[in-house]
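Written below as structure tokens is the structure these notes are about.
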Number of protein chains: 2
Amino acid sequence: MTGAGHSRNGSAQSGTLYCVGLGPGDPELMTVKSARILSSAKIVAYFHKRGKRGNARTIADGMFKSDTLELPMEYPITTEAPVESAKYQNALTAFYDDKALDLANRLDKGHDIIVLCEGDPFFYGSFMHLYLRLRTTHNVKVVPGVTGMSGSWTNSGHPITYGDDVMSVLPGTLPEDLLVQRMGQCDAAVIMKIGRHMAKVRRALTTAGLVDRAIYVERGTMVDEIIMPLADKETDKAPYFSMILVPGQGRRL
Amino acid sequence: MTGAGHSRNGSAQSGTLYCVGLGPGDPELMTVKSARILSSAKIVAYFHKRGKRGNARTIADGMFKSDTLELPMEYPITTEAPVESAKYQNALTAFYDDKALDLANRLDKGHDIIVLCEGDPFFYGSFMHLYLRLRTTHNVKVVPGVTGMSGSWTNSGHPITYGDDVMSVLPGTLPEDLLVQRMGQCDAAVIMKIGRHMAKVRRALTTAGLVDRAIYVERGTMVDEIIMPLADKETDKAPYFSMILVPGQGRRL
């Protein structure tokens, strides 16, 4: 199982689908390997929301040649319907089916394709939906990246785990009572996907007794990053890609 | 709070202490920023166990100039005494005090120093013990890295989290009943620091009903990595830097 790449179609002509993790936002925090693969890219694909360029494409700016073919993959739906709804799920399933078919056709013509992914692709990344569709039929190689949470806790100046600390990553989308319960079962916590769940997450942190240790991070490592104690954040307005860190208090030596 | 670096001594002559995350093992998985900082290093320091070169030093091989001054920092004690014992804790506290003093003296002479750290420094890294001693008196800058767990789940071919999965990182050093309980409170799990705790961790995974989903990884992304279903691993012999992954089973689209 060396490398997240498994050639199973036996075709020597078929191209390779790469997914390169680009790290948390600062372009210098991408890996040497991702930078190398990008520098010789002929086709680059990336997800983005309607009317936005997408974080991944922004991070990769200037990292590939100007004559590289770009394949923007626009999400068909974002906040118009709840994630749990059939409407959302059907739209996304059809979207990933369609994009996987398009990429497969290009791979079958012998072209390599590089999919850009902010952070680390196998950690809550959209690419996994293409990966699950293509991994058994095509050559797929994934390059890990620095996660958004690593970039955020580093720039906050607070190590996240000490000694035997248990760290949990909690999506802010979870119900409040479940958030409270899970917050009580760990020593360090990272709450992701804050967005419109900010007020709920703040209440959960208060109930769990963690609110005074909580640090709010928005666009960590990007040029316009915001890092502050959660207690100092006056509004509950936050973008989807913000997060809250609760550093552990384990063994100091 | 931009950058985990806080100049507080006001001395223009004092050097900067960098800690560069080097990633999980494959040297190409270090960040462009860490590689850049290393390429002009004049003094490089790193932790290692007695009689061993240390993973960090090995990953950085060939990344800095041959006339760079190397400062190996040898742990005074590793497995001779339990981590919980006063003997262990006193020895390590004195060790970090001593090394912090040595680095401070060199910084005060105006030298920059680069501390090498495998993985991501603020995620269970030894550097945090130096950081806590020096951050208020000296310029300290930390560069995040790809974690060992990111490198491992990528090379296993299994995305670790989907949708709203809760992921917990559990040190294998925890008591068995606590491991079982925490394993029941998450959707995806990473068990670190396996080593001599392997038999206990395997029992806990079995009790928690997770053993059939568990993947064993040893030296992930290094040239001699081993990745296999835990069920296929016949012995309970494992190095300290092995881990077990339990991928989540959240929303597929």
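Descriptive notes on the structure:
- Taking Cα atoms only, the orientation of helix B:86-108 departs from the longest principal axis of chain B by about 40 degrees.
- Shape of the protein assembly as shown, Cα gyration tensor, a/c cut at 1.5: rounded
- Per-residue ellipticity at 222 nm computed for chain A from its helices equals -8500 deg cm²/dmol, with DSSP H segments shorter than 4 residues left out and the rest contributing -39,500 (n - 2.57).
- Residues B:GLU225, B:GLU176 arranged by fewest to most Cβ contacts within 10 Å: B:GLU176, B:GLU225
- Scaled against the 2.2 N^0.38 Å expected of a compact globular protein of N residues, the Cα radius of gyration of chain B reads 1.08.
- Descending semi-axes in Å of region A:78-202, equivalent ellipsoid built from Cα gyration tensor: 33, 21, 12
- Qualifying lysines (Cα of each under 16 Å from Cα of A:LYS233; at least 8 residues distant if same chain): A:LYS200
- Between B:LEU101 and B:SER85, the distance separating the two model label sites (each 7 Å from Cα on the Cα→Cβ line) works out to 2.5 nm.
- Antiparallel DSSP beta bridges within region A:161-253, percent to nearest 5: 70 percent
- The calculated FRET efficiency for B:ASP236 paired with A:GLN249, based on their beta-carbon distance and R0 = 22 Å, is about 0.10.
- Counting neighbouring Cβ atoms within 10 Å and putting the fewest first, the residues A:ILE194, A:ILE37 line up as A:ILE37, A:ILE194.
- Pairs beyond 26 Å (Cα-Cα), from B:LYS49/B:LYS237; A:LYS52/A:LYS109; A:LYS33/A:LYS65: A:LYS52/A:LYS109
- The phi-based Karplus calculation (6.51 cos²θ - 1.76 cosθ + 1.60; θ = phi - 60°) puts the 3J(HN,Hα) values of region B:160-172 at 8, 9, 10, x, 9, 4, 8, 10, 10, 9, 10, x, x Hz, whole numbers, x for Gly and Pro.
- Cα gyration tensor shape for region A:149-246, rounded if a/c is under 1.5, else prolate or oblate: oblate
- To the nearest ten degrees, helix B:198-207 and the longest principal axis of the Cα atoms of chain B are 40 degrees apart.
- Point-to-point label distance, A:LYS109-A:ARG53, nm (Cα→Cβ direction, 7 Å offset): 2.7 nm
- Whole-angstrom Cα spans of region B:39-125 along principal axes, big to small: 41, 28, 25
Quick note: the coordinates plus some simple rules give every number you see, no bench work behind them. This is a predicted model, so every value here is computed, not measured. Cβ: placed from backbone, ideal geometry, glycine included. Neighbour counts: every protein chain shown.
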